[in-house]
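All remarks here apply to the structure that follows.
The values are calculated or read from the model by the stated rules, or taken from the named source; none is laboratory data. Because the structure is a prediction, the values reported are computed rather than measured. So basically every Cβ, Gly included, is an ideal-geometry build from the backbone, and we count neighbours across all protein chains shown.
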Amino acid sequence: MSNILITGGGGYVGSLLTPYLIQKGHKVTVLDLFIYGEDVLQKNNNLKVVKGDIRNEDLISKITKNQDIVIHLACISNDPSFELNPNLGKSINLDAFRPLVEQSVSNNVKKFIYASSSSVYGIKKERDVNELMSLEPLTDYSKYKADCEKILLDYQSDKFIVTILRPATVCGYAPRQRLDVVVNILTNLAYHNREIKIFGGSQLRPNIHINDMVKSYEVIINAEDNKIDGQIFNVGYDNKSVKEIAKIVKSELGDDIKFLTEKTNDNRSYHISSHKIQNTLGFSPDFNINDAAKDLKIAFDEKKLKNPLNNEFYFNIKRMQSINLK
Ligand SMILES: NC(=O)c1ccc[n+]([C@@H]2O[C@H](COP(=O)([O-])OP(=O)(O)OC[C@H]3O[C@@H](n4cnc5c(N)ncnc54)[C@H](O)[C@@H]3O)[C@@H](O)[C@H]2O)c1
């Protein structure tokens, strides 16, 4: 069992990944600013929580000591929220990255797993975009993801195993909920307004259920070094157009739901292949978009989420605007 540092462990993915890895017997340290709330992780003897900033190099040099694995999730996620304050985004998503990697190397971390994004591919006409295809990132968020991938690969060695995941858009319920990602947006609107506004509609988006996202990190943790070292893996299934996603949501939430179509200037459209992670590591998903919509419906029914249409904690842009982080 390993000592694992998760940066951003209080975020959407981290809030499920952290208890999952503890339950598997690991000792987890979470470093997070807890921008989206502090009560997302339950106390546990095998969990250490540090509220802090990944840009604090002194903290990073201390917190990477005695860690076997670093999973780097902390980020100003979501393309539009990145445009709020370009300097802030750059300082967190790019500038803080090299010091984190260097301190991990100095402190003998054995494995570093980086959450990149499948948005690094930009708009692609080809179907089944694989890890060898060119990157055409369209936004600063995606460009910095691509830059960090390159930085990380420079530090790869026998003693420092590096792996990059390029996840699709994550969907489903988690203790720290995001309702600003496509499946979750549409499910929230369908449940509460009985009407889904579809922006564009024909853009293709790959999706991954949050439980599968979490499982994919475990698969990397347990993999033999020679299968993952210096490797990049897409992690995304359910390549669907936004319109198709809306139809799936409707099928889970009720026939009465109406569709309204509007224009969009967010034309990111890509169809990714996740054959590599399946063929190399035997990873395949257990859940799909229907499950994500169902899980969210249950969370809404059980009133687990407070004021889901407007609560800034579920919407990265709104929250970032309101806290004015420097
Ligand atoms: N959710 C998705 O659909 C998706 C898709 C592809 C890639 N990813 C990547 O996966 C990772 C996790 O995504 P998520 O959806 O959980 O994001 P999230 O926004 O929910 O979580 C990010 C966490 O990082 C923390 N954070 C931000 N800046 C920090 C700083 N300077 N210091 C310390 N903590 C800081 C936030 O408080 C938050 O808890 C991100 O790197 C994201 O880019 C996510």
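Tabulated data for the structure shown
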{"read-out": "Count of the stretch 259-295 residues which are among the aliphatic types (A, V, I, L, M), within 27 Å of residue 141 (Cα to Cα) and out of contact with any Gly (no Cβ under 7 Å at 6 or more places or on another chain)", "value": "3"}
{"read-out": "Selection status of residue 35, under 23 Å from residue 169 (Cβ atoms), in contact with a helix residue (DSSP H, G or I) (Cβ under 8 Å, 6 or more places away or on another chain) and within 9 Å of the ligand (Cβ to nearest atom)", "value": "yes"}
{"read-out": "Filtered residues of the stretch 238-264 (kept if more than 18 Å from residue 205 (Cα to Cα) and in a loop (DSSP other than H, G, I, E, B))", "value": "254, 255, 256, 257"}
{"read-out": "Options 233, 287: the member that is in a strand (DSSP E or B), under 30 Å from residue 134 (Cα atoms) and in contact with a helix residue (DSSP H, G or I) (Cβ under 6 Å, 6 or more places away or on another chain)", "value": "233"}
{"read-out": "Selection count where residues are among the charged types (D, E, K, R), within 13 Å of the ligand (Cβ to nearest atom) and at pLDDT below 95, scope the stretch 38-87", "value": "3"}
{"read-out": "Evaluation of residue 34 against (1) within 26 Å of residue 218 (Cβ to Cβ); (2) touching a residue at least 60 places away in the same chain (Cβ under 8 Å) (one fails), failing number", "value": "(2)"}
{"read-out": "Residue within the stretch 235-257 that is buried (at least 19 other Cβ atoms within 10 Å of the Cβ), under 22 Å from residue 153 (Cα atoms) and of a type in the set (A, V, I, L, M, F, W, C) present", "value": "yes"}
{"read-out": "For residue 213: the one exception among (1) buried (at least 22 other Cβ atoms within 10 Å of the Cβ); (2) out of contact with any Lys or Arg (no Cβ under 8 Å at 6 or more places or on another chain); (3) over 26 Å from residue 112 (Cα atoms)", "value": "(3)"}
{"read-out": "Selection count, the stretch 304-326, where residues are of a type outside the set (Phe, Trp, Tyr) and under 24 Å from residue 247 (Cα atoms)", "value": "4"}
{"read-out": "Hey, residue 124 out of contact with any strand residue (DSSP E or B) (no Cβ under 7 Å at 6 or more places or on another chain), under 28 Å from residue 203 (Cβ atoms) and touching a residue at least 24 places away in the same chain (Cβ under 8 Å) or not", "value": "yes"}
{"read-out": "Elements of type helices (runs of 4 or more DSSP H) contained in the stretch 1-120, each with 3 or more residues being surrounded by 21 or more Cβ atoms within 10 Å (Cβ to Cβ)", "value": "14-23, 97-106"}
{"read-out": "Filter result for residue 207 (part of a strand (DSSP E or B), in contact with a Cys (Cβ under 6 Å, 6 or more places away or on another chain) and more than 24 Å from residue 5 (Cα to Cα))", "value": "yes"}
{"read-out": "Identity of the residue in the stretch 102-144, away from the ligand (no atom under 16 Å from the Cβ) and among the hydrophobic types (A, V, I, L, M, F, W, C), that ends up modelled with the lowest pLDDT", "value": "123"}
{"read-out": "Residue 203 modelled with pLDDT of 95 or more and in contact with an Asp or Glu (Cβ under 9 Å, 6 or more places away or on another chain)", "value": "no"}
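A quick yes/no check of all residues on (1) part of a loop (DSSP other than H, G, I, E, B); (2) among the β-branched types (Val, Ile, Thr); (3) buried (at least 20 other Cβ atoms within 10 Å of the Cβ); (4) touching a residue at least 12 places away in the same chain (Cβ under 8 Å):
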{"site": "162", "(1), (2), (3), (4)": "no, yes, yes, yes"}
{"site": "180", "(1), (2), (3), (4)": "yes, no, no, yes"}
{"site": "192", "(1), (2), (3), (4)": "no, no, no, yes"}
{"site": "197", "(1), (2), (3), (4)": "no, no, no, yes"}
